[in-house]
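One structure below.
Each value in this text was obtained by applying a stated rule to the coordinates, not by laboratory testing. Keep in mind that what you see is a predicted model, and the values were worked out from it rather than measured. In this analysis, Cβ positions are derived from the backbone assuming ideal geometry, glycine residues included, and neighbour counts consider all displayed protein chains.
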Amino acid sequence: MTSTNSCALCDIAAAPGGLAAGIVFQDATWLVRSISSTPAVAGWLILQARRHVSEPADFSPAEAASFGPLLQRTERVLREVTGALRISTGSLNEGSPHFHCHLLPRLPEMPNNAVGWHAFELSDLARRGEVRADPEVVRRVLAELRDRLQSELAEGAPVTPLSDD
């Protein structure tokens, strides 16, 4: 899908990335990035398919084989880096019919004491500027996530290398 078809997630997957864009891991199949440059919770990530696919039922064999291992390793590293009690994972894909899931650290102290499904409402509050994680903590967490994921996933996760095309 191209930007003329108005898929914001396809546009993100096609754009040059790196830590400045909030990308902490990418391969030929998946992209893992910060939900925004001003998240409500440091370490709130989006794991998205690079290809425009609406849901896991439509994954290619490579997407299906690599999703679980990537999700597990990313969540483990995210929990360790943020000190989260657990990672809340959610995917509705109503706002964008391009598969993505939210990986939201459940910290010991959450903004607005938001837990469970209410924690996902923090995204709207962050967009309006009502709740924001400390920018320095966000930068530190994203840099550590990127370093750890690049290192750990290079050590044997079933990921598909980016092509030079």
### Summary
The relative contact order of the chain, taking Cα pairs under 8 Å that sit 6 or more residues apart, comes to a percentage of 30 percent
### Query
Highest GNM mean-square fluctuation, the chain, Cα pairs closer than 10 Å: which of Leu70, Leu31, Leu92?
Leu92
#### Entry: region 43-49 - phi-based ³J(HN,Hα) in whole Hz, Karplus 6.51/-1.76/1.60, Gly and Pro as x
x, 5, 10, 10, 9, 10, 5
### Message
Over the chain, with a Gaussian network built from C-alpha contacts below 10 Å, which listed residue (His118, His102, His52) shows the highest mean-square fluctuation?
### Response
His118
### Message
Which of Arg76, Arg148 has the fewest other C-beta atoms within 10 Å, and how do the rest follow up to the most?
### Response
Arg76, Arg148
### Query
Where does the chain land at 222 nm, in deg cm²/dmol rounded to the nearest 500, when only DSSP H runs of n ≥ 4 count, each adding -39500 (n - 2.57), divided by all residues?
-11000 deg cm²/dmol
### Query
Amide H neighbours of Ser88 under 5 Å, counting only residues 5+ apart in sequence or on other chains, H built in-plane at 1.01 Å?
Leu104, Arg106
#### Entry: Free-standing Cys residues across the chain, given no other cysteine C-beta under 4.7 angstrom
Cys101
### Task
Quick one: check the C-alpha center-to-center distance for region 18-54 versus region 103-148, whole angstrom.
14 Å
### Task
Calculate one ³J(HN,Hα) per residue across region 64-79 by plugging θ = phi - 60° into the Karplus curve 6.51 cos²θ - 1.76 cosθ + 1.60, and present them in order as whole Hz with x for glycine and proline.
5, 6, 9, 4, x, x, 5, 4, 4, 5, 5, 5, 5, 5, 4, 4
### Query
Hey, got a sec? Which GluC sites (Glu not before Pro) in region 78-120 land in a DSSP loop and have at most 10 other Cβ atoms within 10 Å?
Glu94, Glu109
